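Quick notes on the structure that follows.
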Amino acid sequence: AAPQRAQAVQQFACCGNAGTGREPMKIVIAQMKHETNTFSPVPTPLARFARGGGVPPEGRDAYAAFKGTGAAIAAFFDLAEAAGAEMVIPIAANAWPSGPVEDAAFEYIAGSICAAVAAGCDAILLDLHGAMVTRSLDDGEGELLARIRRIAPRVPIGVALDMHSNLFPAMVDGSTVIAGYQTYPHIDVYETGLRAGKAVLALLAGKAAPAMAWGNRPMLPHVMRQASDDAPNRELQARCREMEQEGALAASLFVGFPHADIPNAGLSAVVVTDGDPALARRWCDELLDLAWREREAFVYRVEPLARSLARAQEYKEGPVVLLDHYDNAASGGTMDTMAVLGGILDAGLEDVAAFAIYDPEAVQEMIRAGVGAQVTLALGGKLDMPGIGRKGEPRVVAGRVKLISDGCFRNRGPMGRGEQMDMGATVVLDTGRVEIVVISRHQEPNDYACLLAVGIDPEAKRFLMLKSRVHWRAGFKPIAKAIVECAGVGVCTSDYGVFDFRRVRRPIYPLDSM
C-alpha cells in the first residue's frame with residue numbers, strides 16, 4: 001500500500017495551497033439534500049429547499065442557519081475553522097422528501113456549487129443525500145459530482161451521505177471519500193460529516209491516501225425494517241464501526257430508499273481505507289454478503305388496520321404511539337391521507353394527539369374562524385396519488401379551533417439538533433377526543449418540540465398518532481409505553497404490491513423470488 005499512498009498524496013499535493021504556508025486553504029462547503037419518492041405527487045420546486053420558501057440560503061446566511069447544529073455541513077464548518085481554512089459556502093439546500101426535483105431547482109443548486117468550484121479551491125466538502133431523482137436524471141448527486149470533476153479533476157471531494165442513498169457509480173467515481181450515516185433514526189449526521197471531512201483534510205496534509213471500494217446487492221429492504229437499533233441493521237452498522245476501529249477511514253452500509261423506481265435503488269456499501277484498495281474491496285464485500293444473508297429479515301409483514309387499533313386499546317398506560325407509517329413526510333408522503341386518523345375517530349379512541357395532517361386550505365379556513373370557534377370541515381385528502389392509483393379522500397371532521405401558530409420551532413435533538421423547522425401556518429383542531437395538528441408545510445414528527453410548539457404535552461396523552469416510520473424514535477421512543485404500527489394509505493406504503501415497479505433492476509428481492 002505504501003507506493004499507492006505516495007502516489008495518491010502526490011496527486012492531490014499540487015491541487016492548491018494546502019500546507020504551503022502561502023495563504024489559507026480554501027474549501028468549498030455546500031449542501032444539496034433530497035430523498036426522492038418517484039411515486040409521490042408532492043412537487044419539488046426550488047422553494048421546497050428553503051425554510052419558509054424563497055431560495056435556499058448561501059454564504060453567511062447558510063453559515064448562520066447551520067452553524068452549531070447537528071448537520072453534516074455544520075461539521076464541515078467546524079473542521080474548516082479548526083484548520084484555519086477559508087470557507088466558501090455557495091448554497092445550503094435541504095428539502096423534505098417528495099416527488100422528482102424540478103430541473104430548474106437542480107440547475108440552480110448545482111450551478112451555484114459548480115460556480116464556486118470554478119473560482120478555485122483546495123478541497124470540496126458536500127452534504128448530500130444520495131437519493132435525488134430529478135425530472136431528467138436518475139442520479140442527481142452523480143450528475144453534480146461529474147460536473148464538478150470536469151471543472152476540478154484533481155481537487156479532493158469529501159461527501160457525507162444519508163443511509164438511504166441509492167448509490168450509482170457516478171457518485172463514487174466523482175468522490176474522494178464517501179461516508180454514510182450509521183444510525184436510523186439519523187442521529188449521527190454531524191459525526192458523518194466529521195468522518196468524511198477528516199479523511200479529506202488528512203489527505204491534503206499528506207497523512208492519508210483514501211482508497212474506496214463500493215458495491216450493491218439486488219435487494220430492496222423495507223424501510224420499516226431498517227432501524228439501526230433493530231436486527232439485522234443493528235449488527236451491520238456495528239460491523240461498519242468495527243472496521244473503522246480496525247483502520248478504515250470510513251465504512252458505510254446503505255440500506256437504500258425503495259420508493260424510487262430507478263435502476264440502482266436498494267442496498268449498497270462503500271468502504272474507504274488508507275492506501276489499501278484490496279482491503280477496502282474485501283471489507284465492502286463482507287458487508288454486502290452479511291446483508292444478503294439477512295435479506296429475509298428486512299421484509300415487512302403488514303397487519304390490518306382494524307387489528308392494530310384493537311391491540312392499541314389493550315394497553316392501559318400511555319403514551320401509546322400509533323404509527324401512520326404509510327404517509328410519512330420523511331419518505332415523500334402527502335401527509336394528508338385520513339385512513340389511520342379516520343380509524344382512530346371511528347374506534348372512539350380518547351386522549352389522542354395526532355401529528356400531523358397537511359392541509360393548507362383547512363388551516364386558512366380555521367384561521368378565518370378564529371381561536372375558540374366551532375368548525376366542521378373536509379380535512380385532508382386534497383392530493384391524489386396517481387403513483388399508487390388512489391384518489392385523495394377527505395374526511396369531514398368537527399371540532400374547536402384550539403390554537404393558531406406560525407409553526408416555527410427548533411429541534412431539541414438528538415436528530416437535527418438545533419435546526420430551525422417551519423411547519424407554516426399551523427392550527428390545533430380539538431374534536432373533544434383527538435387534538436389534530438394541521439400544518440401548511442410538511443414536517444416529520446421526529447422531535448418532541450413539534451408538539452410542544454403547539455401547546456401539546458406528548459407525555460400527558462394516552463395515544464400519539466405520528467405520521468412517521470422510524471425517525472419518530474429519535475424524539476419519542478424514550479416516552480413511549482407501547483408502539484403499534486398502523487397500515488393506512490399513502491405513497492410510503494410498506495406493501496410493495498401497490499407499486500408498479502418498471503425501471504428498478506430485476507430480479508431483485510423481495511419483488512422476485514431469489
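The values are calculated or read from the model by the stated rules, or taken from the named source; none is laboratory data. Keep in mind it's a predicted model, so treat the numbers as computed, not measured. Neighbour counts are summed over all protein chains in view; Cβ atoms, including those assigned to glycine, are modelled from backbone coordinates with ideal geometry. Ligands, DNA and RNA are stripped out before the accessible areas are found, and what is left, the full protein with its side chains, is counted by its heavy atoms. Shrake-Rupley method; radii C 1.70, N 1.55, O 1.52, S 1.80 Å.
At R0 = 51 Å, how high is the FRET efficiency between Asp457 and Glu23 if r is their beta carbon distance? Nearest 0.05 is fine.
0.40
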For the chain, which whole percent of the accessible surface, found with a 1.4 angstrom probe, sits on carbon and sulfur atoms? 50 percent
Distance in nm between Asp78 and Tyr315 label points, each 7 Å along Cα→Cβ, equals 3.4 nm
Probe 1.4 Å, all protein chains present, accessible-area order of Lys402, Lys316, Lys33, largest first: Lys316, Lys402, Lys33
Calculated FRET efficiency, Ala482 and Ala146, Cβ-Cβ r, R0 51 Å, to nearest 0.05? 0.60
Going Cα to Cα from Lys391, which aspartates and glutamates come in below 20 Å? Please leave out same-chain ones fewer than 8 positions away. Asp324, Asp327, Asp336, Asp359, Glu361, Asp495, Asp500
Calculated FRET efficiency for the pair Gln420/Ser513, C-beta based, R₀ 60 Å, to 0.05: 0.80
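What translational diffusion coefficient, to the nearest whole µm²/s, does the chain have by Stokes-Einstein, given a Kirkwood radius computed over alpha-carbon pairs, a temperature of 25 °C and 0.890 mPa s viscosity? Before the final figure, lay out each step's value.
Numbers: Rh = 23.3 Å.
Diffusion coefficient, whole number: 105 µm²/s.
For the chain, give me the percentage of DSSP beta bridges that are antiparallel, rounded to the nearest 5 percent.
Bridges in the chain that DSSP calls antiparallel: roughly 40 percent.
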Kirkwood-based Rg to Rh ratio, region 275-400, C-alpha trace: 1.17
How much net charge surrounds Pro263 when only other residues with a Cβ under 12 Å from its Cβ are counted (Lys, Arg +1; Asp, Glu -1)? +1
Along Cα→Cβ, 7 Å out, is where each label goes; now give me the distance between the ones at Arg505 and Glu107 in nm to one decimal. 3.1 nm
Positive-end residue of Gly348, Gly84, Gln226, charge dipole of the chain with Cβ unit charges: Gly84
Over the alpha-carbon set of region 425-514, work out the extent along each principal axis and list the three values in angstrom, largest first. 49, 29, 22
Fully extended contour minus Cα-Cα distance, from Lys391 to Ala119, at 0.36 nm per residue: 93.0 nm
Per-selection Rg to Rh, region 62-175 - Cα, Kirkwood hydrodynamic radius: 0.94
Given unit charges at Cβ for Lys, Arg (+) and Asp, Glu (-), the dipole magnitude of the chain about its Cα centre in debye, nearest 20, is 240 debye
Could you tell me the center-to-center distance, by alpha carbons, between region 343-381 and region 147-177 in angstrom? 44 Å
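Less than 13 Å Cβ to Cβ from Cys492, Lys/Arg counted +1 and Asp/Glu -1: what total charge do the surrounding residues give?
Once positives and negatives cancel, what remains is -4.
Taking the Cα centre of region 108-251 as the origin, how large is its charge dipole in debye, to the nearest 20, when only Lys and Arg (+1) and Asp and Glu (-1) carry charge on their Cβ atoms? If you can, show how the numbers build up before the last one.
Details: 13 positive and 16 negative charges, 75 e Å.
Roughly 360 debye, rounded to the nearest 20.
For the cross-link pairs Lys382/Lys467; Lys316/Lys402; Lys461/Lys481; Lys26/Lys198, which exceed 19 Å when the distance is taken from alpha carbon to alpha carbon?
Lys316/Lys402
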